[in-house]
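The values are calculated or read from the model by the stated rules, or taken from the named source; none is laboratory data. Keep in mind that what you see is a predicted model, and the values were worked out from it rather than measured. Here the Cβ is made from the backbone with ideal geometry for all residues, glycine too, and neighbour counts use every protein chain on show. Only protein heavy atoms, including side chains, enter the accessible area calculation; ligands, DNA and RNA are left aside. Shrake-Rupley method; radii C 1.70, N 1.55, O 1.52, S 1.80 Å.
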Amino acid sequence: MFANCHFHSTFSDAGITPAELVATAKKIGHRALVLTDHDTVRGTYFLGREARRAGMLTLVGCEFTAGIHIVGIDFDPLESNMRRLLDYLPSYQYNRSKRLFEAGLEAGTLRQGICWQDVVDAYPDNNYLCNNQIFDVLVKKGIYAPEEYADFFKNSFSYNLDISKKIIAHMNFKYPDAEETIYAINKAGGVAIIAHCTDAQAKNADEYVKLGAKGFETRHPDMTEFAKDYLDAYCNEHRLYRSGGTDHSSWMSGLLGKKPEAELDPECGGVTEEDFMKLYQRELG
């Protein structure tokens, strides 16, 4: 694969920094990257800087939560409507994590030893903070061991806990839907890509295109062969962008406790040079 156009960093829910991701991608042989952190673009500056130093191509990217997941690529994050969206989305995640963290300390389901400011200080450039950053600080303080992540998440931040449900309900937050999100990406001059479609979503491709989507992921570890083949042909027929990436699987997964170069068929996630350059040069609009 020439490029990875769907993966995450320490700026959202992953455990590898943008600089480490660029180094890994370079070692693998990639020549281009699009960082798509959840609901934030804070990491794109840092990845872009490292990518340029490494002689790699890059574009602004973000994976937006909208009922489905939509990857926005090559948009202007300073466009007024987009800027509001990029303030709104991570602020919810930040505040939800803070409240869950403090509730966990109070309820005794989270081991004592750090305060919220310790998490903020450890990630001064983030506007998106989640359980990953909290756990990282707890590990560095020696309060949890790295292999305790699953237990930590289950006991302290599970969405099944009554306390979590109450906190989330009290915040009265609503994610924008697919139509709103695609509109925002297009208005900011970007490309809206429907991410890792299920078979049912693939068959519903016409509806996403009507909303303004300009492409689909056709290589992703979680997609079935049917969805990949269906959308590959669909994009070819309708002159739409093909994209994809490893997300949270294999070489650039970024998951805590998982090596970034784990074994995985390189064909399962990524973009060919032809498909990336179409996107980079905006050949299809």
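Filter the trypsin sites (Lys or Arg not before Pro) in the stretch 1-92 to those in DSSP coil with at most 16 other Cβ atoms within 10 Å of their Cβ, and list the result. It would help to have the intermediate numbers written out before the result.
Working: sites: LYS26, LYS27, ARG31, ARG42, ARG49, ARG52, ARG53, ARG83, ARG84; in loops: ARG31.
Those satisfying the criteria are ARG31.
Taking Cβ atoms as reference points and 14 Å as the exclusive limit, the residues near ILE185 contribute a net charge of -3, counting Lys and Arg as +1 and Asp and Glu as -1.
Count the DSSP beta bridges whose two residues both fall in the chain, then state the antiparallel fraction as a percent rounded to the nearest 5. Could you put the intermediate results ahead of the total?
Numbers: 11 of 23 bridges.
If I count the DSSP bridges inside the chain, around 50 percent turn out antiparallel.
Accessible area per residue for the stretch 1-132, computed on protein heavy atoms with a 1.4 Å probe, is 39 Å². Per residue, the stretch 155-238 exposes 52 Å² of accessible surface when a 1.4 Å probe is rolled over the protein heavy atoms with every protein chain present.
Leaving out ligands, DNA and RNA, and with a 1.4 Å probe, what % of the accessible surface on the chain is carbon or sulfur?
Details: 6370 of 12980 Å².
Looking at the chain in its full context, I get 49 percent from C and S.
When the trypsin sites (Lys or Arg not before Pro) in the stretch 170-229 are filtered for DSSP coil states and for at most 14 other beta-carbon atoms within 10 Å of their beta-carbon, the remaining sites are LYS174. The modelled label-to-label distance for the pair ASN81/GLU283, using points 7 Å beyond Cα in the direction of Cβ, is 2.8 nm. The chymotrypsin sites (Phe, Trp or Tyr not before Pro) of the stretch 102-201 that DSSP puts in a loop, and whose beta carbon has at most 14 other beta carbons within 10 Å, are TYR159, PHE173.
Suppose R0 equals 25 Å; then what is the FRET efficiency for PHE226 and ASP206 from their Cβ-Cβ distance, rounded to the nearest 0.05?
Details: r = 17 Å, r/R0 = 0.67.
For PHE226 and ASP206, the calculated efficiency is 0.90.
Can you give the FRET efficiency for TYR175 and ALA233, using 1/(1 + (r/R0)^6), R0 = 25 Å, r = Cβ-Cβ distance, to the nearest 0.05?
Values: r = 31 Å, r/R0 = 1.23.
Efficiency, rounded to the nearest 0.05: 0.20.
Under 1.5 on a/c is rounded, so check that first for the stretch 128-252, then, if it is not, pick prolate when a/b is larger than b/c and oblate when it is not; a ≥ b ≥ c are the square roots of the alpha carbon gyration tensor eigenvalues. Walk me through the intermediate numbers first.
On the way: a/c = 2.52, a/b = 1.77, b/c = 1.42.
Here the stretch 128-252 falls in the prolate category.
Extending 7 Å from the Cα toward the beta-carbon at both ARG53 and ILE168 defines two label points whose distance is 3.9 nm.
Relative to the dominant Cα principal axis of the chain, helix 162-171 is inclined by about 60°. Report note on the peptides 272-279, 65-72: ranked by the mean count of other C-beta atoms within 10 Å, highest first, their order is 65-72, 272-279.
Please report the net charge: other residues with Cβ closer than 12 Å to the Cβ of GLN133, K and R +1, D and E -1.
Working: positive: LYS98, LYS140; negative: ASP13, ASP118, ASP121, ASP125, ASP136.
Summing Lys/Arg as +1 and Asp/Glu as -1 gives -3.
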